[in-house]
Amino acid sequence: MPPQVLLVHNSPYLLFPRGDVRDEAYLLGLMSSLPLDWYARRFVETHLTFFVLNPFPVPRPGADSPLRKRVIALAGRLASLGDRFADWAARLGVVCDPLDAGEKQDHIRELDAVAAHLYGLTESQLIHIFETFHEGWDHEERLSATLHHFRAWQADR
């Protein structure tokens, strides 16, 4: 948080007493993924408190895991959109510039796919998440692109 900023009860933030920017980016990526968002919506209606946040499942692959490394790269790139994030991006080794819309969407879909693998989801479970995420949303294109990445990562494993 920037200095001189106050937070209220329903704006939890995370402190990292240990770890580094890679750990921050990894958690940011998981928390930004559709699989964790789907899970969270089972427990959160209007306010995300630490009582709800603390038990969220967070896969803990080793530092050398290709899936972990890819979440870090994707989350770092998606979050590094301007000068304010230049130092953080440099420490992660990612570019710090705005993404064009197509590249941004592709990164989001790959992040969803990689997170699904980290959670040990099957393809049918990932499809279920998309089909039940939000009533009436048009998920077909995003699901198709996410499945493309999911299958590519499955082949690499």
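The values are calculated or read from the model by the stated rules, or taken from the named source; none is laboratory data. Please read all numbers here as calculations on a predicted model, not as lab measurements. Heads up, the Cβs are rebuilt from the backbone with ideal geometry, glycines too, and the neighbour counts pull from every protein chain shown. Please note that ligands, DNA and RNA were not included when accessible areas were found on the heavy atoms of the full protein model with its side chains. Shrake-Rupley method; radii C 1.70, N 1.55, O 1.52, S 1.80 Å.
Kindly check whether there is at least one residue in region 114-125 that is assigned to a helix (DSSP H, G or I) and at pLDDT below 95.
no
Quick one: which of His139, His107, His128 is without any contact (Cβ under 8 Å) to a residue 24 or more places away in the chain, surrounded by 14 or more Cβ atoms within 10 Å (Cβ to Cβ) and under 21 Å from Ala40 (Cβ atoms)?
Matching residue, one of His139, His107, His128: His139.
Quick check on this structure: which one of Phe51, Phe56 is surrounded by 14 or more Cβ atoms within 10 Å (Cβ to Cβ) and either assigned to a helix (DSSP H, G or I) or under 18 Å from the mean Cα position of the chain (by Cα) (or both)?
Exactly one residue qualifies, and that residue is Phe56.
Just to verify a result, which residue in region 83-101, among those that are hydrophobic (A, V, I, L, M, F, W, C) and in contact (Cβ under 8 Å) with a residue 12 or more places away in the chain, is nearest to Arg142 (Cα to Cα)?
The qualifying residue nearest to Arg142 (Cα to Cα) is Leu99.
With respect to the numbered conditions (1) surrounded by fewer than 16 Cβ atoms within 10 Å (Cβ to Cβ); (2) assigned to a helix (DSSP H, G or I), which one is the sole condition not fulfilled by Gly62?
Evaluating Gly62 over (1) surrounded by fewer than 16 Cβ atoms within 10 Å (Cβ to Cβ); (2) assigned to a helix (DSSP H, G or I) leaves (2) as the failure.
Could you tell me how many of the residues in region 1-42 are charged (D, E, K, R) and open to solvent by 80 Å² or more (accessible area, probe 1.4 Å)?
Counting residues in region 1-42 that are charged (D, E, K, R) and open to solvent by 80 Å² or more (accessible area, probe 1.4 Å) gives 4.
Being over 15 Å from Gly29 (Cα atoms), in a loop (DSSP other than H, G, I, E, B) and of a type outside the set (A, V, I, L, M, F, W, C) is the filter here, so list the residues in region 66-96 that pass it.
Across region 66-96, the qualifying residues are Gly82, Gly93.
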